[in-house]
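Enquirer: Sharing a structure with you now.
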Amino acid sequence: MEPAEAIPRVSLPVVEEVEPPPLTFRQLFWRRFRRHKLALFAAGVLLFMLLYAVGGTLVFSEAEANYTDTTLRLQGPSREHPFGTDTVGRDILARTVYGGQISLLIGLSAMLVEVLLGIVIGALAGFYGGIVDSLLMRFTEAMLNIPQLFLLIVMAKFFGGRIPNIVLAGRTFSGSVIVIVLIIGVTSWMYLARIVRAEFLSIKENEYILAARATGTRNLGIIVQHILPNCMAPIVVSATLSVASAITLEAYISFLGMGVQAPTATWGNMLDGAYNYVETAPWLWIFPGLLIVLTVLSINFVGDGLRDALDPRSLAK
Amino acid sequence: MTRYIIRRLLQAIPLIFVISVILFVLMQSVSDPLATMGGRTVTRKADRERLTRQLGLDKPLYMQYLYWLIGNDWTKTDVDGDGVPETPGRRRGVLRGDFGTSLVNRGKPVLQVIWDRLPNTLLLMGISEAVIILGALVVGLYSALRQYSLLDQVMTAISFFGYSMPIFFLALMSIYIFAVNFKRWGLPYLPVVGMFDPQIGKTWGQVALHMILPVFSLSFMYFAAYSRYIRSTMLEVLSQDYIRTARAKGLPRSMVIFVHALKNASLPIVTVVGLDLPFLLAGAIVTERIFAWPGMGRLFLDHVGRGDTPVVMGILMLIAVAVVVFQLLTDVTYAWLDPRIRYN
Amino acid sequence: MIPLLQVQDLTVRFDVLDGLVHAVNGISYTLNEGETLGIVGESGCGKSVSVLSMMRLIPQPPGKIVAGQVFYRGRDLLDLDDAEMQHVRGKEIAMVFQDPMTCLNPVLTIGRQISEAIVVHTGATWEQGRRQTVRLLEMVGIPQAADRLGDYPHQFSGGMRQRAMIAMALACSPSIFIADEPTTALDVTIQAQVIELVKSLRDRLGMAVIWITHDLGVIAGLAEKVIVMYAGFIVERGSVDDIYGDPRHPYTLALLKSLPRVDRSSHEPLATIGGMPPDLLGLPAGCPFAVRCDYRVEQCLQENPRLRPILASHEIACWVDVAGRHGPVTGRAI
């Protein structure tokens, strides 16, 4: 036992007991996204798809894709035609390149329409509340209760022929592309609107909103500068997943014959009528189908990874 | 609890009305009944005008909606165009069960047209739903209990695939493998067209055989998604404190899982299953087309293609009402199952 | 006489993303029949983990019991297989947890949750189980017990829920009753009621009790033996008189000093323990408390002291014995 006199205190080396600086949001995001190896791999696949669709134009010209030669019809995969030829002798590989462009384009554009509608409606409902919210939400709920594919079919049938073909950069695009983009967007915004509304309702109560008002910020400013940036995470995730769903929907309608019309090719309408040839020419539908599956799968993985990485509440592992 | 049910009912009714308005406006703007009915015969202007008046198309939209809703047999239409209504209407309106008559199948009541095909779709959907729920429960439970085991990883991968694959691709693949290639390899193969072989007749065996591939295609996608959902729900429940308490009491594992955990997990599962049920119909459209199944999905496609507004409207309303009703049933079931809501 | 419970060198680690968490580091203690042991320490010191590991309720990945034995009536609990362990849990050793709201299953009735333990462990019928449950609920002071069997946890108040949990734990008359911070989530007045309840039940049923808490005030009137834990180590062990009347470890001293006292002037600042709780991912080579210790010497930073006896039943893990080097800390009768 030590004598009861003052024991000289040992001084510790001067190491500041400071916690490591917290990671910034971006660092945290990358750290978590990287852990999702599958999402990274999927992102790689997506990049490849983009290159395929865009870079493929360097390999095949559009004329080649549309070149019909009925003597070559329904040939299986071969060296000249790695994916085979279709019912009028067109090279399927080339068609999947151009079809891919349109499919991806439709996916992205429909997503933009949907996101725009979803944010506007959700923000208005969440921000103003009261009767505006009630009305908008009734409308949203009603739309949600109507199965989307049915609505799409009806709208596609009617609006399908309305818009004429467009000529852009020397290529002809069927007007039905725009129609499809619009109707997919118009029937898909509800999910995002609900999410945005919920975010607005909760963020609205925060004190910095009160502070913004007190300094005279107008409503629009509050919405755009203060609230919206704080709910980007669920919007981004939802937007990503909606690209996948838009591509799938386009494929569905085109498969049913009501989607994008000639002369424009999409992966979806390459499948139209392919079921007549299930037995005889499986390459007609296997290749475009596989491409669709790969793309949609990758987008879903990426979306999943994004959701984990962006959600501050999900566990770190 | 009763108050809850009544409140939900009162919410559901205006919703159905709003939906009917949206659909009606959509259909009226989109369709052209004259073109549908006419074909080559109605080209004379006088005929077209008469038909327009007969169908009530010259009236303002809200009047048309009104007639659609409650019929026009209580009023007279001016058919001959002299400005004086004299012909009594013959429609009784949706609220009294009259959805009008088909434009394509002249004169046949819409409900009749739908009813001819509805049972076939219900059969397909019902069996698919049962397969989905049972399969997903088994796989989901197993995956949750044996997390990260080989089977779990395989199932996770498969479910991502199933979830991302468009139904028709799966259907085509299954046709290719099970019907075409099996035939080539001399294996017993599955039929891919229709509900039964006309030469054999509509027997239970035939129908069952013809149902295998369509049911498989329909259920695979949802089965994959649900098994993942059940897995994650079970995992969440299993991590709760009350499960630790149950284990601390020394209860056997089976009791902990099937009584303590499952009862809690069933709540969100019931919600998801109940709400998705009517949307199986959408998947049915494509499946029915590929497999030539005589159901409501194909009916819808045919009649949209031919511009038969009343039938299309009838189907849309029916489905929308089904969705609302199922939502109501799901909510009520949930409230009944969860003691925190039931006893409050 | 074999002690009822003998823990030897229990060591538990957690394998997490950022490394290895040393949650429990070689603790040992004994519990005899009818004794009450208090385990005291701040959050994260390993007191709950040690007890949960004993009951084998720690999820095995990421947790891992790397060393040690836990002898209950001579059998090593860590050696038992699942089926044998099931017979011990609830029947021989029962546990009550901190938050009764989350620890009770919300979709099962209270009656069911208590009866099932009885039915499973004693082979009674459900009817017999129900009758016993009513008796148990009456014993813990829940009025109109028979009517409340069919009620769900959300229909009980907080204090009642904790009483129900206690009834649930006592259903099969266990030899050891472990309470992990059972009163932390309750109001102070309810706290007192629950503690009185446990005391009277203990006296009536003669069971041994392990009471885990961070609240020193509670232990004084309840326990006979006390263990003070820090960073997964036991830093001081002794009878309740030893600990409260004659604390010898700087940490114990600091804990006692930080208790607000009725007889002190309200103008005096509250004493705190400077610094931060230890990072269990990377424990230093020396004593884990050294960084925050007012009495440290050179050796404290280099070598982690083992428990050594000072008096018959009083041990500390410290190079410096702070006996007599502080003013009156407690008036003993808290």
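Enquirer: What pairs come out if I take residues in the stretch B:194-207 that are within 23 Å of B:ILE285 (Cβ to Cβ) and at pLDDT below 75 and pair them with residues that are in a loop (DSSP other than H, G, I, E, B) and among the small types (Gly, Ala, Ser) whose C-beta lies under 7 Å away, six or more apart or interchain?
Expert: Once the first residue is within 23 Å of B:ILE285 (Cβ to Cβ) and at pLDDT below 75 and sits in the stretch B:194-207, its partners that are in a loop (DSSP other than H, G, I, E, B) and among the small types (Gly, Ala, Ser) give B:GLY194/B:ALA292.
Enquirer: Taking B:ALA322 and the conditions (1) within 19 Å of B:SER128 (Cβ to Cβ); (2) surrounded by 20 or more Cβ atoms within 10 Å (Cβ to Cβ), which numbered condition does it fall short on, given that it satisfies the others?
Expert: It fails just one condition, (2).
Enquirer: Does any residue of the stretch B:148-167 turn out to be touching a Leu at 6+ places or on another chain (Cβ under 8 Å), more than 20 Å from B:LEU213 (Cβ to Cβ), at pLDDT 80 or above and more than 14 Å from chain A (Cβ to nearest Cβ)?
Expert: Within the stretch B:148-167, none of the residues are touching a Leu at 6+ places or on another chain (Cβ under 8 Å), more than 20 Å from B:LEU213 (Cβ to Cβ), at pLDDT 80 or above and more than 14 Å from chain A (Cβ to nearest Cβ).
Enquirer: Can you confirm whether C:PRO100 is crowded, with 17+ Cβ neighbours inside 10 Å and more than 9 Å from chain B (Cβ to nearest Cβ)?
Expert: Yes; evaluated as a whole, the condition is true for this residue.
Enquirer: Turning to a different aspect of this structure: Are any residues in the stretch A:257-269 crowded, with 24+ Cβ neighbours inside 10 Å, more than 12 Å from chain B (Cβ to nearest Cβ) and among the hydrophobic types (A, V, I, L, M, F, W, C), and if so, which ones?
Expert: Passing the criteria: A:VAL260, A:ALA265.
Enquirer: Would you call B:ILE269 in contact with a His (Cβ under 8 Å, 6 or more places away or on another chain) and assigned by TED's automatic domain parsing to the domain that holds B:MET173?
Expert: Spelling it out, it is not the case that B:ILE269 is in contact with a His (Cβ under 8 Å, 6 or more places away or on another chain) and assigned by TED's automatic domain parsing to the domain that holds B:MET173.
Enquirer: Please verify whether B:PHE326 is within 11 Å of another protein chain (Cβ to nearest Cβ), over 25 Å from B:THR101 (Cβ atoms) and at pLDDT 85 or above, treating the condition exactly as stated.
Expert: So B:PHE326 fits the description; yes.
Enquirer: Further, regarding this structure: Does the stretch B:105-116 contain any residue that is in a helix (DSSP H, G or I), of a type in the set (Asp, Glu) and away from chain A (no Cβ under 14 Å)?
Expert: Yes; the residues of the stretch B:105-116 include at least one that is in a helix (DSSP H, G or I), of a type in the set (Asp, Glu) and away from chain A (no Cβ under 14 Å).
Enquirer: Got a sec? Which helices (runs of 4 or more DSSP H) wholly within the stretch C:90-175 have at least 3 residues that are in contact with a Cys (Cβ under 7 Å, 6 or more places away or on another chain)?
Expert: The qualifying helices (runs of 4 or more DSSP H) are C:110-122.
Enquirer: Here's a follow-up. What is the number of the single condition among (1) within 14 Å of another protein chain (Cβ to nearest Cβ); (2) assigned to a helix (DSSP H, G or I) that C:SER50 does not meet?
Expert: (1)
Enquirer: Counting only residues that are away from every other protein chain (no Cβ under 12 Å), of a type in the set (S, T, N, Q) and surrounded by 20 or more Cβ atoms within 10 Å (Cβ to Cβ), which one in the stretch A:150-196 is nearest to the chain's Cα centre (by Cα)?
Expert: The extreme case among them is A:SER188.
Enquirer: Residues of the stretch B:300-317 being in a helix (DSSP H, G or I) and over 13 Å from the mean Cα position of the chain (by Cα), which ones?
Expert: Once the filter is applied, which keeps residues that are in a helix (DSSP H, G or I) and over 13 Å from the mean Cα position of the chain (by Cα), the stretch B:300-317 yields B:LEU301, B:ASP302, B:HIS303, B:VAL304, B:GLY305, B:THR309, B:PRO310, B:VAL311, B:VAL312, B:MET313, B:GLY314.
Enquirer: Would you check if C:VAL70 is under 26 Å from C:THR122 (Cα atoms), free of Cβ contacts under 8 Å to residues at least 60 places away in the same chain, crowded, with 18+ Cβ neighbours inside 10 Å and out of contact with any His (no Cβ under 7 Å at 6 or more places or on another chain)?
Expert: no
Enquirer: Identify all residues within the stretch C:1-34 that are out of contact with any Pro (no Cβ under 7 Å at 6 or more places or on another chain), in a loop (DSSP other than H, G, I, E, B) and away from chain A (no Cβ under 14 Å); write none if there are none.
Expert: Within the stretch C:1-34, C:MET1, C:ILE2, C:PRO3, C:LEU4, C:GLU33, C:GLY34 meet the criteria.
Enquirer: I'd like to know if the stretch A:233-252 contains one or more residues that are without any contact (Cβ under 8 Å) to a residue 24 or more places away in the chain and either under 30 Å from A:GLU207 (Cβ atoms) or within 13 Å of chain B (Cβ to nearest Cβ) (or both).
Expert: No: the stretch A:233-252 contains no residue that is without any contact (Cβ under 8 Å) to a residue 24 or more places away in the chain and either under 30 Å from A:GLU207 (Cβ atoms) or within 13 Å of chain B (Cβ to nearest Cβ) (or both).
Enquirer: Looking for whichever is more than 14 Å from chain B (Cβ to nearest Cβ) and farther than 28 Å from B:LEU281 by Cα here; the options are A:LEU93, A:LEU104, A:LEU112. Which one fits?
Expert: When all the criteria are applied, what remains is A:LEU93.
Enquirer: Oh, and also: Under 9 Å between Cβ atoms, at least 6 apart or on separate chains: pull out the pairs that start in the stretch B:71-89 with a residue that is assigned to a loop (DSSP other than H, G, I, E, B) and end on any residue that is modelled with pLDDT of 75 or more and of a type in the set (A, V, I, L, M).
Expert: So the pair list comes out as B:GLY71/B:VAL94; B:GLY71/B:LEU95; B:ASN72/B:LEU66.
Enquirer: Just one of (1) modelled with pLDDT of 90 or more; (2) away from every other protein chain (no Cβ under 12 Å) trips up C:SER115, so point out which.
Expert: (2)
Enquirer: Only one of (1) at pLDDT below 85; (2) among the basic types (Lys, Arg); (3) within 30 Å of A:ALA251 (Cβ to Cβ) is not met by A:ARG194, so which one is it?
Expert: (1)
Enquirer: A further question on this structure: For the stretch A:74-95, name all the residues that are of a type in the set (D, E, K, R) and surrounded by 15 or more Cβ atoms within 10 Å (Cβ to Cβ).
Expert: If the condition is that a residue be of a type in the set (D, E, K, R) and surrounded by 15 or more Cβ atoms within 10 Å (Cβ to Cβ), then A:ASP86, A:ARG90, A:ASP91, A:ARG95 are the ones that fit.
Enquirer: Would you point out which residue out of C:ALA223, C:ALA179, C:ALA167, C:ALA208 is at pLDDT 90 or above and under 26 Å from C:GLN128 (Cα atoms)?
Expert: The conditions single out C:ALA167.
Enquirer: Of all residues in the stretch C:192-240, which are assigned to a helix (DSSP H, G or I) and touching an Asp or Glu at 6+ places or on another chain (Cβ under 9 Å)?
Expert: C:VAL240 - this is the single residue of the stretch C:192-240 that is assigned to a helix (DSSP H, G or I) and touching an Asp or Glu at 6+ places or on another chain (Cβ under 9 Å).
Enquirer: So which residues in the stretch C:79-89 are assigned to a helix (DSSP H, G or I) and surrounded by 17 or more Cβ atoms within 10 Å (Cβ to Cβ), if there are any at all?
Expert: Across the stretch C:79-89, the qualifying residues are C:MET85, C:GLN86, C:VAL88.
Enquirer: If you take the residues of the stretch C:116-131 that are touching a residue at least 24 places away in the same chain (Cβ under 8 Å) and surrounded by 19 or more Cβ atoms within 10 Å (Cβ to Cβ), which of them is farthest from the chain's Cα centre (by Cα)?
Expert: Out of the qualifying residues, it is C:VAL120.
Enquirer: Considering every residue within the stretch C:98-106, establish whether at least one is within 15 Å of B:LEU251 (Cβ to Cβ) and under 20 Å from the mean Cα position of the chain (by Cα).
Expert: Checked against the condition, which is being within 15 Å of B:LEU251 (Cβ to Cβ) and under 20 Å from the mean Cα position of the chain (by Cα), the stretch C:98-106 yields at least one hit.
Enquirer: Of all the residues that make up the stretch C:1-59, how many are under 18 Å from C:LYS225 (Cα atoms), touching an Asp or Glu at 6+ places or on another chain (Cβ under 8 Å) and of a type in the set (Gly, Ala, Ser)?
Expert: Going through the stretch C:1-59 one residue at a time, the tally reaches 2.
Enquirer: Is there a residue being among the small types (Gly, Ala, Ser), crowded, with 18+ Cβ neighbours inside 10 Å and over 19 Å from C:PRO309 (Cα atoms) anywhere in the stretch C:276-287?
Expert: yes
The values are calculated or read from the model by the stated rules, or taken from the named source; none is laboratory data. As the structure is a computational prediction, the values presented were derived from the model and not from experiment. For neighbour counting, all protein chains shown are included, and Cβ atoms are generated from backbone atoms with ideal geometry for every residue, glycine included.
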